[in-house]
1. Which condition does residue 307 not pass, out of (1) closer than 30 Å to residue 62 by Cα; (2) at pLDDT 80 or above; (3) not aliphatic (A, V, I, L, M); (4) not in a helix (DSSP H, G or I), if it passes all the others?
2. Whether any residue in the stretch 143-162 is touching a Cys at 6+ places or on another chain (Cβ under 6 Å) and either among the basic types (Lys, Arg) or assigned to a strand (DSSP E or B) (or both) is what I want to check.
3. Which residues, taken from the stretch 45-95, are in a loop (DSSP other than H, G, I, E, B) and of a type outside the set (S, T, N, Q)?
4. Show the residue pairs meeting these rules: Cβ distance below 6 Å; 6+ apart or different chains; first residue within the stretch 243-269 and under 16 Å from residue 208 (Cα atoms); second residue hydroxyl-bearing (Ser, Thr, Tyr) and surrounded by 14 or more Cβ atoms within 10 Å (Cβ to Cβ).
5. When you scan the stretch 116-131, do you find a residue that is outside any helix (DSSP H, G or I) and not basic (Lys, Arg), even just one?
6. Of the conditions (1) over 24 Å from residue 321 (Cβ atoms); (2) assigned to a helix (DSSP H, G or I), residue 111 fails just one. Which one is it?
7. Residue check: is residue 297 modelled with pLDDT under 70 and touching a Pro at 6+ places or on another chain (Cβ under 8 Å)?
Amino acid sequence: MRRTGKAELPLHTGKCPPWLFEKMKVLGKRICEITVSEYGKKELVKRFSDPFWFQSLACALGFDFHSSGSTTVTLGALKEAGLEEAGIFVLGGKGRKGLETVSELEALADRLSDRVVEKLKIASISTSKVDSACVQDGYELYHHSLVFAETGEWCVIQQGMNEDTGFARRYHWIYENLKSFTEEPHSAVCCDARVRTLNLVHRKSGETRRCILDMLSSRTETEKTLRFAKNHGIRLSNYSKLIEVCENPPGSFDEFVRIRGIGPKTLRALALVAKLVYGAEPSWEDPARFSFAHGGKDGVPYPIDRKTYGKTVQILEDALRDVKMRKELKKIASLFDF
């Protein structure tokens with residue numbers, strides 16, 4: 001499994017014009033349908049995991065080439081467009097919608113096997129935890145989308161915000177070569193920004209991960225002997241989740257990261273304690289032309305060319321009909337052994 005890359009985008013305010021959003025739904029759906037028809041569902045999922053391909057798609061649909069909204073609006077349009085007929089699903093989204101991804105998966109239980117649903121749940125929870133808690137690069141996640149085929153192939157696209165810099169950072173994940181969500185999942189970085197980042201999934205952090213698990217499974221009397229002054233606000237009840245985990249230690253770091261209530265502060269604290277106790281040093285490395293097709297929302301490189309936009313949709317719809325017709329003719333011909 002690998003995180004295939006990430007993109008750095010300026011935060012833009014405002015909303016997508018309703019007329020453009022409707023056009024993005026139609027054209028986006030046609031592009032996805034014809035891709036599935038020509039190359040299959042697995043290939044489309046793989047393309048979504050490519051940050052360069054995804055950015056090109058957003059630009060071709062007419063959204064700003066460098067706006068943070070190219071992530072949220074493009075995926076929102078594709079989710080509303082409905083790709084289920086092509087065997088592709090888009091779940092989650094911005095803010096609260098991202099938190100509802102698992103619930104949306106459970107609602108599809110009648111269309112997907114239990115095995116696929118469980119696998120996708122783990123993928124959704126793990127990727128969001130890694131990019132929000134295991135890789136602490138100053139970007140707080142506010143968007144999480146799961147794109148997958150009915151057969152179980154998946155990718156995750158999520159985005160974080162750094163209010164200090166005014167930039168958003170997009171992360172892409174892919175299901176291929178799944179080994180661990182917390183062991184060297186990155187294969188590409190598509191931005192130049194470099195900051196001091198706590199990276200608990202880097203190979204250099206392997207000893208830190210092992211030490212954290214050792215600390216969780218160690219049966220010590222520490223919590224029974226601690227004494228605090230009455231005027232301090234710190235209480236052991238504040239650490240009830242960590243104490244609970246220590247009573248039932250997880251079998252792997254992947255499993256530990258997925259536990260509800262284990263977030264960035266807990267992981268950062270444990271990483272520092274692991275260094276203090278065991279000398280384990282975590283990694284601080286940062287895993288860090290299609291706008292000319294129809295123009296851009298803000299008039300860059302030129303205002304949306306609605307006539308050309310409509311013509312593109314029509315051409316793709318005609319092509320899709322032709323592909324379907326050829327497939328039907330092939331089936332008929334095979335019946336008569338032509």
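1. (4)
2. Taking every residue of the stretch 143-162 in turn, at least one turns out to be touching a Cys at 6+ places or on another chain (Cβ under 6 Å) and either among the basic types (Lys, Arg) or assigned to a strand (DSSP E or B) (or both).
3. 50, 61, 62, 63, 64, 65, 66, 82, 83, 87, 95 - these are the residues of the stretch 45-95 that are in a loop (DSSP other than H, G, I, E, B) and of a type outside the set (S, T, N, Q).
4. Note: pairs meeting the criteria are 253/182; 254/180; 254/182; 257/182.
5. The answer is no; no qualifying residue exists.
6. (2) is the only condition that residue 111 fails.
7. So residue 297 does not fit the description; no.
The values are calculated or read from the model by the stated rules, or taken from the named source; none is laboratory data. All values reported here derive from a predicted model rather than from experimental measurement. Cβ coordinates were reconstructed from backbone atoms using ideal geometry, including for glycine residues, and neighbour counts include every protein chain displayed.
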